[in-house]
Amino acid sequence: MPASAVEFSGVFKRFNAGWVLDDVNLALPEGRTTAIVGESGSGKSTLLQLMNGVYLADKGTIRVLGEPIPRRHLHVWRRRIGYAIQGAGLFPHLNVRDNITLLAKLSRLDSAFIEQRCDSLMDAMGLSTDLSGRFPHLLSGGEQQRVGLCRALMLQPRLLLLDEPFSALDPVARVGLYDLFVRLRDRESVTTVLVTHDIREALRLADHLVILRGGVVQQSGPVDQVQGAPANEYVNVLLTDQLA
Amino acid sequence: MRRLLATITLICWMQQPFAAERVVVGSKDFNEGYLLSEVVAQLLEHAGYDVERRFGLGGTLICYEALKHREIDVYIEYTGTLSRAILKLDSTPPPEQLNVALATDHVELLGDFGFDNTYALAMKSTRADALGISRISDIVHAHRELKVVVSHEFLKRADGWPGLVAAYGFDRYPGGIEHGLAYQALEDGAIDVTDIYSTDGEVTRYGLRVLEDDRKYFPEYRAAPLVRTELPARVKSTIDALANSIDNAQMQNFNSQVTFGGVTYQRVASAILAQHGIVSARGTEEGQMWRSLRHNTLVHLRLTGIALIGAIVAGVLLGIAVYRTRWLSRSVVYVAGLLQTIPSIALLGLMIPLLGIGTVPAITALFLYSLLPILRNTVTALATVDPVVSRVAVAIGLSSFEQLRYVFLPLSLPAILAGVRTAAVISIGTATLAAFIGAGGLGDPIVTGLALNDPGLILQGAIPAALLAILTELAFEAFERLVVPRHLLAPAGRAL
């Protein structure tokens with residue numbers, strides 16, 4: 001069994017309304033892609049944001065890349081973790097290249113390296129260098145999302161967190177982006193955690209599934225294992241109905 | 001702080017042993033106030049003092065507080081006003097008794113000018129002569145057919161018509177008229193008798209007879225220099241030379257020259273002194289329009305500029321400090337909004353006990369007025385940055401400072417600039433009121449022009465102030481285009 005990139009043990013999280021995560025225990029394999037699948041309100045996005053310390057657990061321990069989430073200099077630690085989100089969240093006042101390289105420049109990386117890395121990522125994501133100077137509002141939704149993924153991978157993170165980055169795209173753009181993403185992910189061999197409500201997307205991109213419902217993990221394991229032996233009726237329905 | 005400033009001033013003063021002694025002369029913001037203060041100022045200059053003029057101070061309270069707090073050394077006050085408005089007495093005691101009461105504030109009245117600018121009843125001289133009327137009693141008893149119409153204010157004031165009825169036994173109820181129209185109505189014969197101030201320039205201009213107050217009903221409003229008690233005795237005695245130098249008829253004539261004769265108050269003041277054999281060193285200020293325009297504009301820009309820079313720094317920092325906490329930002333914006341609702345003149349007046357008069361309180365007031373638009377726009381803009389963008393800024397590993405510096409502030413810049421622009425234009429307009437507390441600027445000619453009924457003078461302040469506001473607006477627009485990416489400018493810049 002490969003080492004775990006992310007480990008949750010006995011994790012609870014509540015907001016004002018009540019429990020969002022209830023006794024979560026997980027071990028996500030290093031070097032693989034894990035999909036966390038659930039409906040809206042299942043707590044999947046909260047789970048993701050516990051992994052980069054945006055939220056802190058009320059109870060339980062979380063280890064990421066072999067160490068607990070640090071209390072000090074959290075933002076420096078976060079730079080080792082890539083992050084992309086639905087709608088991309090590009091900075092509207094920065095052009096494409098500045099969006100991708102902002103963090104690298106603030107980290108005082110060598111500028112030749114920054115330029116080269118940015119070019120290479122854009123190329124891999126099928127973004128023409130003509131787009132470098134363009135502001136986000138002039139890009140299509142698919143282009144924005146590709147820039148968002150380049151930004152997430154710029155600092156060569158060991159862990160990539162994806163919060164439904166493909167959800168808002170039209171089907172054609174989405175399928176094209178899956179292929180570009182898979183190729184780049186494999187080239188970078190980055191451990192990936194993908195949050196999605198779409199079981200097809202999960203099966204297409206992930207090796208490992210976590211099925212979440214009402215803040216409780218229904219089943220967690222390699223894709224074929226989950227498909228072969230659904231732990232309960234919910235998982236069974238999710239797999240069969242949505243794929244029908 | 002003020003003690004420190006005072007010490008510094010004292011040291012500077014001691015290092016110039018040969019400099020002339022400085023006397024600060026204030027004036028109220030109406031024609032007679034300007035004229036008499038100018039007489040005092042020219043007299044002191046003639047006697048070799050270095051005179052600083054703080055003219056057009058906005059009303060009795062501001063003048064009195066300024067004197068009490070040593071911001072000015074002398075201004076012209078009326079015994080009736082002192083008794084009623086300052087000392088809250090029901091009658092007007094003689095000057096010696098007034099001075100006893102004033103001693104606690106360390107101010108004193110010098111000898112009065114010799115005239116009494118009180119309420120009075122007046123009618124056309126020709127008509128009065130024809131009917132043989134010279135006293136108020138005459139119209140009560142002998143001439144019931146006369147049309148008595150008085151100003152609305154006089155009709156209501158306790159020391160106006162109601163008291164007059166009690167003193168003289170009028171059994172008619174008079175009509176009311178707008179004071180500004182009463183003179184023309186007298187002239188046209190539409191009315192026969194109305195209330196006036198006894199030294200109004202209109203008395204001369206319209207050939208009026210001021211009826212004798214034979215039952216001594218109207219309180220005395222004798223004009224006299226009010227000075228700080230600790231003023232050197234030789235300064236006081238210099239000013240005291242003016243005691244009993246002007247009677248009612250002369251004062252009417254002088255006021256008429258300023259109000260209707262097109263003569264500047266400086267020149268009339270020189271003429272008054274010339275009657276005493278004093279040739280004023282200063283003379284008039286004609287031909288200095290451009291110089292004073294430049295000076296006033298620079299002072300105006302300095303007042304608004306300093307206030308605006310302070311408000312930008314404070315407003316943006318405060319906005320950054322509170323925008324994350326909803327209740328806190330709401331209360332801060334609420335308080336800033338409350339400050340804005342205080343009428344400017346009231347705010348300026350309230351600050352006199354704290355900051356005195358002049359530049360410092362004026363800048364403070366402008367600062368407070370500029371704060372709200374900047375603070376509110378900063379808070380709103382920072383709090384309404386797209387939540388997806390703000391989540392990304394945290395999640396990709398920007399520090400709190402970097403989030404502000406590279407994401408939140410640049411995105412809020414258009415709205416903040418719009419706030420600064422609003423604040424700048426408000427400031428430039430409001431700063432014209434700073435003249436009321438002696439801070440100068442483009443309000444100076446406006447206040448003076450209003451007091452002296454001189455439209456030309458008003459325009460000398462109003463036109464440059466309006467131009468300045470327009471130029472500021474244009475300059476900010478150009479600046480925004482320069483620093484803000486165009487696609488961020490349109491919605492955010494206008495929405496707030």
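Structure notes:
- Among the residues of the range B:160-188, those that are touching a residue at least 40 places away in the same chain (Cβ under 8 Å) and more than 21 Å from B:D90 (Cα to Cα) comprise B:L186, B:E187.
- Against the test of being touching a Gly at 6+ places or on another chain (Cβ under 7 Å) and either closer than 24 Å to B:T79 by Cβ or not in a helix (DSSP H, G or I) (or both), the options B:P219, B:P162 yield a single qualifying residue, B:P219.
- Listed by position, the helices (runs of 4 or more DSSP H) enclosed by the range A:131-209 that each have at least 3 residues that are more than 13 Å from chain B (Cβ to nearest Cβ) and surrounded by fewer than 18 Cβ atoms within 10 Å (Cβ to Cβ) are A:171-188, A:199-205.
- Meets criteria (touching a residue at least 40 places away in the same chain (Cβ under 8 Å), within 14 Å of chain A (Cβ to nearest Cβ) and buried (at least 24 other Cβ atoms within 10 Å of the Cβ)) for B:P445: no
Condition check ((1) over 22 Å from B:D159 (Cα atoms); (2) among the aromatic types (F, W, Y); (3) part of a helix (DSSP H, G or I)) across all residues:
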| residue | (1), (2), (3) |
| --- | --- |
| B:A182 | no, no, yes |
| B:E187 | yes, no, yes |
| B:A190 | yes, no, no |
| B:I196 | no, no, no |
| B:T199 | no, no, no |
| B:T204 | yes, no, yes |
| B:R209 | no, no, no |
| B:R215 | no, no, no |
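- Note on the range B:343-365: residues that are touching a helix residue (DSSP H, G or I) at 6+ places or on another chain (Cβ under 8 Å) and in a helix (DSSP H, G or I) amount to 15.
- Counted residues, the range B:359-368 - those being modelled with pLDDT of 90 or more and over 15 Å from the mean Cα position of the chain (by Cα): 5
- Residue match in the range A:66-79 (condition: surrounded by fewer than 23 Cβ atoms within 10 Å (Cβ to Cβ), in contact (Cβ under 8 Å) with a residue 40 or more places away in the chain and under 14 Å from B:A393 (Cα atoms)): yes
- Restricting the range B:377-392 to residues that are crowded, with 23+ Cβ neighbours inside 10 Å and not polar (S, T, N, Q), the residue that is farthest from the chain's Cα centre (by Cα): B:V392
- Some residue of the range B:474-493 being surrounded by fewer than 16 Cβ atoms within 10 Å (Cβ to Cβ), within 14 Å of chain A (Cβ to nearest Cβ), out of contact with any Phe, Trp or Tyr (no Cβ under 9 Å at 6 or more places or on another chain) and of a type in the set (G, A, S): yes
- Residues that are part of a helix (DSSP H, G or I) and of a type in the set (V, I, T), drawn from the range B:319-342: B:I320, B:V322, B:V332, B:V333, B:V335, B:T341
- Every residue from the range B:34-52 that is within 18 Å of B:A223 (Cβ to Cβ) and either in contact with a strand residue (DSSP E or B) (Cβ under 6 Å, 6 or more places away or on another chain) or not aliphatic (A, V, I, L, M) (or both): B:Y34, B:L36, B:S37, B:E38, B:V40, B:A41, B:Q42, B:L44
- Among the residues of the range A:1-46, those identified as aromatic (F, W, Y) and at pLDDT 90 or above are A:F8, A:F12.
- Checking the range B:274-291 against the condition returns no match, with no residue being surrounded by 14 or more Cβ atoms within 10 Å (Cβ to Cβ) and modelled with pLDDT of 85 or more.
- For the range B:68-100, the candidate set comprises residues that are out of contact with any strand residue (DSSP E or B) (no Cβ under 8 Å at 6 or more places or on another chain) and polar (S, T, N, Q); within that set, the residue that is farthest from B:T238 (Cα to Cα) is B:S91.
- Total residues in the range B:173-224, condition surrounded by fewer than 16 Cβ atoms within 10 Å (Cβ to Cβ) and acidic (D, E): 5
- Near pairs, Cβ below 8 angstrom, 6+ apart or cross-chain, from the range B:338-358 (at positive phi and modelled with pLDDT of 80 or more) to any residue that is buried (at least 19 other Cβ atoms within 10 Å of the Cβ) and in a helix (DSSP H, G or I): B:G358/B:I437
- Inspection of the range A:42-49 finds no residue satisfying the criterion of being more than 14 Å from chain B (Cβ to nearest Cβ) and either loosely packed, with under 15 Cβ neighbours inside 10 Å or more than 20 Å from A:Q218 (Cβ to Cβ) (or both).
- Sole residue being away from every other protein chain (no Cβ under 14 Å), touching a residue at least 12 places away in the same chain (Cβ under 8 Å) and crowded, with 22+ Cβ neighbours inside 10 Å, chosen from B:A462, B:A469, B:A423: B:A423
- Selection over the range B:393-420 of residues that are more than 10 Å from chain A (Cβ to nearest Cβ), crowded, with 21+ Cβ neighbours inside 10 Å and of a type in the set (A, V, I, L, M) gives a count of 5.
- The set of residues in the range A:66-117 that are more than 13 Å from chain B (Cβ to nearest Cβ), in a loop (DSSP other than H, G, I, E, B) and small (G, A, S) contains only A:G66.
- Residue check for B:T104: modelled with pLDDT under 90 and of a type in the set (V, I, T): no
- Among the residues of the range B:225-239, those identified as over 26 Å from the mean Cα position of the chain (by Cα) and either assigned to a loop (DSSP other than H, G, I, E, B) or surrounded by fewer than 18 Cβ atoms within 10 Å (Cβ to Cβ) (or both) are B:P232, B:A233, B:R234, B:S237.
The values are calculated or read from the model by the stated rules, or taken from the named source; none is laboratory data. Keep in mind that what you see is a predicted model, and the values were worked out from it rather than measured. We place every Cβ from the backbone using ideal geometry, glycine too, and count neighbours over all the protein chains shown.
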